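Colleague: I am attaching a structure below and will ask some questions about it afterwards.
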Amino acid sequence: MAFSQTMLRLAVLLLMISFSLSNRPDQNSIPTSMPPLLYPRKNISFTAHLIHRTSPESPFYDPKAKHGDLIRDGIHTSLARAHFLGRSTSVQAESLIYARSPVRIIGIDFVMSYSIGTPPVKTFGVADTGSHIIWLQCQPCRHCYKQSIPFYSRYKSSTYKSIPCGPRCESVDATKCSKSIWGETCSYHADYIDKSSSKDDLSTETITLADNGINGETILEDMIFGCGTENVDKDTKPPGVIGLGNRTSSLIGQLAYPQFSYYVFTNSSGTHGWIHFGLLATTSGPTTPLVPNDFGHYHLSLKGISVSGQDVYYDYMDYYQGPEYEVEFAIDTGTLYTVLDMPIYNALRSKIIDEVLDEEPQAYKETDHDISFELCYKYVPDSPEIEFQFANKMQLMLCKSNTWVKVPNGLHCLAILKASVGISVLGMYQQRHLQVGYDLSINQVTMYYKVPCPDNIE
Ligand SMILES: *[C@@H]1O[C@H](CO)[C@@H](O)[C@H](O)[C@H]1NC(C)=O
Ligand SMILES: *[C@@H]1O[C@H](CO)[C@@H](O)[C@H](O)[C@H]1NC(C)=O
Ligand SMILES: *[C@@H]1O[C@H](CO)[C@@H](O)[C@H](O)[C@H]1NC(C)=O
């Protein structure tokens, strides 16, 4: 079956090539000996460590960061991500919350360590399901921001190649071919709504993943990446991004088996995780379909929510045009706290308040911002068990530690945010302790608790 799927993909790709050829009679830069595939997909499976920002191994590790700083950052990034992911689907494109907060769009919580070039240079990329390409700051820079690790320089690598103009260039999102006396260049552009960006040559390189004690060293040759010599980042300054979006140019799109799975958990020494690619990914278990969309993002379809077994009713008919009570619910590695679209959040909050009778609900406000968690209690209430029901009857019951977060003033808050963006987003805080798998060959996500979820609240 895998073989026939590969053949099918091959046929589709060939079809796409001939389509793009016949559609571009003016394209005179196509070499006469066309490579058989736009993207020769690599039949390689591997596992990588997901390094959390609270680990000293992370380039974003800040030994002085307090728990409250991480929470505040998580709130801002999560809301910004929801706006980013909802931008295209939303009727209310921009909102006040976004305009007012000093946000960034690349959620830096998890990075992957890898090496690039020959000889290899060690670097990091933010593992991002919202990005369509692998990119990194690349010397010689026209404009690079400071980074905490040495830069990669394309001229010092014997395996660096830039991608010329032509169908391979055009098939990547947001690329542009330009011709000058220096020759032709295919430039990419990765743009984020906090005005961070990276651009310059779309290129190929050898990427090496170190031996992690599971599958030895992995060498990926001829990987498409963005060599960023003009980069802007006001705030977080990641050395680069590893795009995991549904695109042929993302890391996952460049593999023969477009499957990946991750498992992230918190124990007393911090948050840890693994990500598996290709045939090593776990994509079995309870499944729900991915709703196809044009942005390469991952959208699930939410059928309902219940609190302690009782349905939560939310009125979504005003601006949702799909089948009744189906809500687009993105799943994202760059969002920390789950964000619910306003009508759903409000309905869920009232239902929980109805359930918790022995305590007065409170709100948590940050001093200089009006964004906050809106439902907090002094003691963690026992009763409300929140369950999300996705299409195909996949259920996600939030365990206690994924439901609540302890904020600096000692309150326990529902670790879910409200936004008015026409979409909801399942964040990583709620994906902890879950085995989450993506199979892009059949547009499906699987999800289940790998171990019994701990009850302690951080
Ligand atoms: C990819 O490699 C695996 C073994 O690592 C093999 O079982 C599979 O058939 C290969 N698939 C293709 C499409 O070559
Ligand atoms: C937490 O998990 C990590 C990763 O598996 C492990 O190295 C560490 O020892 C664990 N810490 C504790 C306190 O169990
Ligand atoms: C992923 O991309 C492929 C190719 O563009 C498309 O056929 C598929 O529907 C996309 N999947 C989702 C979930 O958007």
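The values are calculated or read from the model by the stated rules, or taken from the named source; none is laboratory data. The shown structure was predicted, so the numbers you read here are calculated from the model rather than taken from an experiment. Reconstructed Cβ throughout: ideal geometry from the backbone, glycine too, with neighbour counts over all protein chains shown.
Colleague: Answer yes or no as to whether ASN267 is of a type outside the set (Ser, Thr, Tyr) and within 16 Å of ligand 2 (Cβ to nearest atom). Full working, then the answer.
Modeller: Numbers: of a type outside the set (Ser, Thr, Tyr): yes; within 16 Å of ligand 2 (Cβ to nearest atom): yes.
Yes; evaluated as a whole, the condition is true for this residue.
Colleague: Looking only at the range 311-352, count every residue that is aliphatic (A, V, I, L, M) and either more than 16 Å from ALA82 (Cβ to Cβ) or modelled with pLDDT under 85 (or both) and tell me the total.
Modeller: 5
Colleague: Applying the selection to the range 288-313, what residues are crowded, with 16+ Cβ neighbours inside 10 Å, assigned to a loop (DSSP other than H, G, I, E, B) and among the charged types (D, E, K, R)?
Modeller: Hits for the range 288-313: nothing passes.
Colleague: Kindly indicate whether ILE252 is aliphatic (A, V, I, L, M) and within 16 Å of ligand 3 (Cβ to nearest atom).
Modeller: Against the criterion (aliphatic (A, V, I, L, M) and within 16 Å of ligand 3 (Cβ to nearest atom)), ILE252 qualifies.
Colleague: Got a sec? Which of THR271, THR283 is surrounded by 21 or more Cβ atoms within 10 Å (Cβ to Cβ) and either in contact with a Lys or Arg (Cβ under 8 Å, 6 or more places away or on another chain) or in a loop (DSSP other than H, G, I, E, B) (or both)?
Modeller: THR283
Colleague: Sticking with this structure for a sec: Step by step: first the residues of the range 417-440, then only those that are assigned to a loop (DSSP other than H, G, I, E, B) and modelled with pLDDT under 95, then the one that is nearest to the chain's Cα centre (by Cα). Which residue is that?
Modeller: Among those residues, the one meeting the criterion is ILE423.
Colleague: Okay, moving on. If you take just the strands (runs of 3 or more DSSP E) that sit entirely in the range 196-246, which of them hold at least 1 residues that are modelled with pLDDT under 90?
Modeller: Result: 197-209, 218-232.
Colleague: What are the residue pairs meeting all of these: first residue in the range 272-295, first residue under 20 Å from PHE110 (Cα atoms), second residue within 16 Å of ligand 1 (Cβ to nearest atom) and acidic (Asp, Glu), Cβ atoms under 8 Å, and 6 or more apart or on different chains?
Modeller: Correct list of pairs: ALA281/ASP439.
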